[in-house]
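A short write-up of the structure that comes next.
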Amino acid sequence: MRITPKLLNKIAEDTVAERTAADESILAAYLHGSILSEPLLGGTADVDLFFIYAGEDDSSMQREVVRLTDEVHVDISHHGQAVYAEGRNLRGDPWWGHAIHRAKILYDPQHFLQIIQAGVRGLFESPEFVSQRAEPQLEAARATWFKFYNQSAGEGPQLVTAYLSALENVGNAVACLSGPPLTERRFLLEFPERAEALGSPGLMPGLVGLLGGGEVDQRSLMNWLPDWEDAYNAVSTLDDVPPSLHPHRKHYYAMAFQALLENDEIHALLWPLMHTWTRSVAHLPADSSSLEGWTAACDQLNLLGAHFENKVAALDAYLDLVEELFEDWKAQRGV
């Protein structure tokens, strides 16, 4: 089957038509994600749909993953109407703001979402709102560094999860000065362009170094893939498996990994590999055999043990650099 943007949009439209015909409480629905603007990665795609329900709070809402083929799944988020109550104020949120700003509305008979979207788009690119979307992520990364400095960030998977969260936050803080936050599979694939947009190409090798990219080669990554798959399979059997690690998403990740390997995008692969692997083992028992391969990989990347103190010091220096970048960016724009 040829996977084309036209096909993926048709899948989205058909899914919305089917769901809205069966459920009168659906107030609006929209499409968001890479299929609106980016080429496929690894010949796979997820169709990101959002359904908004009238009169519902968000407590009973869920996220579901629906398999269509090995290459395509539909990732559906169900939101209560109250989530959108802030209206135009959502433009200051890095994820919500860009999701609504770039959304393709597929169902909105009462024009609820159309009104919200118009409010979000107003002054969206003004320096004040760009800063409002970016700066909290930088502050979150610094807050995580303080936990490391005070040795209160846990150990093992908990420690590495926190560290990767700090890298994700500082990376997306930079990214949000020139566009939307970066998604998991494309994080380090697209980060160089965002760093270049700010005249700071050196931010890319710095971020790769923090991740431990200087310690790996293509062979290392290839050797880690079976252990990654073992951990992913193990967490997929749990009753409380996170939707992001749903069994139907394994091929979505694995094919992206293969494509990045074939294109010699070693560092771009390292991020989604370690990010999904760490989240997987974090949900497994401490005595699970699936942790062995992950621990060995983290040791090679210097993300565990005595070398981690050096990572914390390097993170501090990197945050200093980005904080100075933000100060200059804001001063130039009078923010």
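Phi angles across segment 278-295 convert, under the Karplus curve 6.51 cos²θ - 1.76 cosθ + 1.60 with θ = phi - 60°, into 3J(HN,Hα) values of 5, 5, 5, 5, 5, 9, 9, x, 4, 9, 5, 5, 5, 7, 5, x, 5, 4 Hz, Gly and Pro given as x. Placing +1 on each Lys and Arg Cβ and -1 on each Asp and Glu Cβ, with no other charges, gives segment 142-209 a dipole about its Cα centre of roughly 120 debye.
Of all DSSP beta bridges confined to the chain, the antiparallel ones make up roughly 60%. Result for the chain in a Gaussian network model with C-alpha springs under 10 Å: among GLN300, GLN218, GLN151, the largest mean-square fluctuation is at GLN151.
For segment 5-121, the alpha carbon positions stretch 37, 31, 24 Å along the principal axes, listed from largest to smallest.
Rounded, prolate or oblate for segment 178-255? Axes are the square roots of the Cα gyration tensor eigenvalues, ordered a ≥ b ≥ c, and the cut-off for rounded is a/c under 1.5. Present the calculation step by step, with values, prior to reporting the outcome.
Numbers: a/c = 3.08, a/b = 1.65, b/c = 1.87.
Verdict is oblate for segment 178-255.
In this structure the amide hydrogen of LEU106, modeled in the peptide plane, comes within under 5 Å of the amide hydrogens of ALA29, TYR30, LEU31, none closer than 5 places in sequence on its chain.
Rg of the Cα atoms in segment 127-321, relative to 2.2 N^0.38 Å, amounts to 1.00.
Spatial offset of segment 203-254 relative to segment 49-111 amounts to 27 Å, using the alpha carbon center of each.
Starting from segment 1-54, pick out the trypsin sites (Lys or Arg not before Pro) whose DSSP state is loop and whose Cβ has at most 16 other Cβ atoms within 10 Å. Passing sites in segment 1-54 are ARG2. Taking every alpha-carbon pair under 8 Å whose residues sit at least 6 apart, the chain reaches a relative contact order of 17 percent.
Here the Karplus relation 6.51 cos²θ - 1.76 cosθ + 1.60, evaluated at θ = phi - 60°, turns the backbone of segment 73-85 into coupling constants of 9, 9, 9, 10, 9, 10, 10, x, 4, 4, 4, 9, 4 Hz, with x for every Gly and Pro. Need one word for the chain: rounded, prolate or oblate. Basis is the Cα gyration tensor (sqrt eigenvalues a ≥ b ≥ c); a/c below 1.5 gives rounded, then a/b vs b/c decides. In terms of gyration-tensor shape, oblate. Farthest toward the positive end of the dipole of segment 127-321, out of LEU203, LEU138, ALA297, is the Cα of LEU138, where the dipole comes from beta carbon charges about the Cα centre.
Here LYS10 is the anchor, and the lysines within straight C-alpha reach of less than 29 Å, apart from those fewer than 8 places off in the same chain, are LYS104, LYS250.
What is the mean projected area of the alpha carbon convex hull for segment 1-71, to one decimal in square nanometres?
About 5.4 nm², averaged over all directions.
All alpha carbon pair distances within segment 221-281 were sorted into 5 Å bins beginning at 0; the resulting P(r) in whole percents reads 4, 19, 32, 24, 13, 6, 1, 0.
Sequence-distant contacts, meaning Cα pairs under 8 Å at least 6 residues apart, place the relative contact order of segment 5-121 at 27 percent.
Summary of the geometry: segment 168-197 and segment 295-324, compared by the centres of their Cα atoms, lie 19 Å apart. Using θ = phi - 60° in the Karplus curve 6.51 cos²θ - 1.76 cosθ + 1.60, the 3J(HN,Hα) couplings for segment 97-104 round to x, 5, 4, 6, 4, 9, 5, 9 Hz; x is entered for Gly and Pro.
Only the coordinates and a few stated rules stand behind these numbers; no lab work does. This is a predicted model, so every value here is computed, not measured. With ideal geometry, Cβ positions are generated from the backbone for all residues, glycine too; neighbour counts draw on all protein chains shown.
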